[in-house]
1. Which number in (1) surrounded by fewer than 21 Cβ atoms within 10 Å (Cβ to Cβ); (2) at pLDDT 95 or above; (3) closer than 27 Å to LEU323 by Cβ marks the one condition that GLY290 misses?
2. Being among the aliphatic types (A, V, I, L, M), in a loop (DSSP other than H, G, I, E, B) and closer than 22 Å to GLU369 by Cβ narrows it down to one residue among ALA443, ALA427; which is it?
3. For ALA377, indicate whether it is farther than 20 Å from THR274 by Cα, at pLDDT below 90, among the small types (Gly, Ala, Ser) and touching a helix residue (DSSP H, G or I) at 6+ places or on another chain (Cβ under 8 Å).
4. Given the conditions (1) at negative phi; (2) surrounded by fewer than 23 Cβ atoms within 10 Å (Cβ to Cβ), which single one is not true for GLY89?
5. Among PHE382, PHE431, PHE394, PHE371, which is the only one that is buried (at least 17 other Cβ atoms within 10 Å of the Cβ), modelled with pLDDT under 85 and aromatic (Phe, Trp, Tyr)?
6. Does LYS357 satisfy being more than 21 Å from SER418 (Cβ to Cβ) and charged (D, E, K, R)?
7. Sort through GLU232, GLU218, GLU227 and tell me the only one that's assigned to a helix (DSSP H, G or I), charged (D, E, K, R) and surrounded by fewer than 22 Cβ atoms within 10 Å (Cβ to Cβ).
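The values are calculated or read from the model by the stated rules, or taken from the named source; none is laboratory data. Quick caveat: nothing in here was measured; it's all calculated off a predicted structure. Note that we place each Cβ from the backbone using ideal geometry, even for glycine, and neighbour counts take in every protein chain shown.
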Amino acid sequence: MSSVHVDSMKKTLEKDTKLAMISQFLGFAMDAYDMALVIVMAPMLSKLFVSPKGSEAWQYVVIVLTYSITMAARPVGSAIFGHYADKIGRRMLLIYTIGGVGLMSVLAAFLPTYQQVGVLSYVLFAGIRFIMGVFFGGEYAVGHTFAIEHAPRGKRGIIGGFIQSGFPAGYVVASVVFAIINAALGAEAMLSYGWRIAFLTGVIPIFLALYIRGFLPESPKFEEAKERGTIEKAPFISLFKPPALWTFLQVFFFMTGLFLTDYSVYGFLPNILTLGGRGFDATTYSLIYGFALFCAFLGYNFYGWLSEIVGRRKLTMYYCVFLVAFGVPVYYVLYHAALSRNLLIALIGTTMAGMLKLAWGVVPSYLSERFPTKRRAVGVGFGYSSGALIGAWFSIYVWWAHSIPFIKAIEKDDMWLSPAVILTVGAVMTFISLIFSPETKDAELN
């Protein structure tokens, strides 16, 4: 084979790797963008889709419930799309997942309101949120696998950190877009038609991702497995047969621990910083929260790069020790920054809080390296999303921790120590799961 031909193939592979990386960054950013819109528009959506007979608090809870519905649907999507991605290939399914997300965004923008069709409006909205969760579950399972399979060994951690950083990026962009539309139209127009425009803006990155994916070839690792004849007939079922089952359980506990740490940080950051009106005001809090997301964006990329030097397993075990040692102090700093309304201390504490999320930068590469090609998509997707089945109920666990007399005596009515306790539990779970895991950074994806 001539050197010219080899150089041409190398350039093509490098181009495909970059396109796959950008495509999945956009796909994951869209995931966060959509979820963020539901949260920031929740007070408005509660007036549009929920009966006005209940209290405002009840309306808010009912609309936020659709966030949980979306989360609950993700394992379903991971199982379905991951299963078929391991059977027939990744590329076409990625077109379906991102296309499905786009279709649901458009349908959400044209939904009738409670005033027009009554309770049916909420049923339709909740149904769209469930289907959206199915597509997002499939997007993670197939997309992250696809991107990592295009990455050369030695760069999987870097590329994985980048695509994972799409989530905080999407959250920030959604908050900014909503703020711009809200400022331009005003509260009355937003309630009338502005919310529809907000949902439609999500179609823009989807078109870009679809365009890029149209030029991408099938995953080289899947093509190799196809040539070897190692494709399984039932990848999802084989995931629960030993020895594959032991790998899945290790990944399940790994992700459960990470979700507990993640939700404990960002799920309670608003509560700690605002303190029910005694802390920072909404505008200042929004700036601090945006800074925290920016720290997470940088942190994911840094952690992914560092994992190529230290190793995924060893680095994340160090990270777990860091969480146990500094989790409570970080929450203490944030709590007292809110009490004193000291912005400088809050930014320092927020930077530290961003460090509590660093390990997410290694998740795409680590999970992809834990499963063979024949069940990688379903293993990555279902392993990732099933961890949220336990972790997503973090608010209940925090309340249990808060009810412990010793903890309640320290924090009284301000819940800052109890989420730190759950974060510590999550760190310990992740650490223990890694004891049963090999180092993966030099693994061959075969």
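1. Going through (1) surrounded by fewer than 21 Cβ atoms within 10 Å (Cβ to Cβ); (2) at pLDDT 95 or above; (3) closer than 27 Å to LEU323 by Cβ one by one, GLY290 breaks only (2).
2. Selected residue: ALA443, the only one of ALA443, ALA427 that is among the aliphatic types (A, V, I, L, M), in a loop (DSSP other than H, G, I, E, B) and closer than 22 Å to GLU369 by Cβ.
3. no
4. Here GLY89 meets the rest and fails (1).
5. PHE394
6. no
7. Of GLU232, GLU218, GLU227, the one residue that is assigned to a helix (DSSP H, G or I), charged (D, E, K, R) and surrounded by fewer than 22 Cβ atoms within 10 Å (Cβ to Cβ) is GLU227.
Residues are listed down the side, and each one gets a yes or a no for (1) closer than 30 Å to GLU444 by Cβ; (2) under 22 Å from the mean Cα position of the chain (by Cα):
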| site | (1), (2) |
| --- | --- |
| PHE162 | yes, yes |
| GLY166 | yes, yes |
| VAL172 | no, yes |
| ASN182 | no, no |
| THR201 | no, yes |
| PHE207 | no, yes |
| ARG213 | yes, yes |
| SER219 | yes, no |
| LYS241 | yes, no |
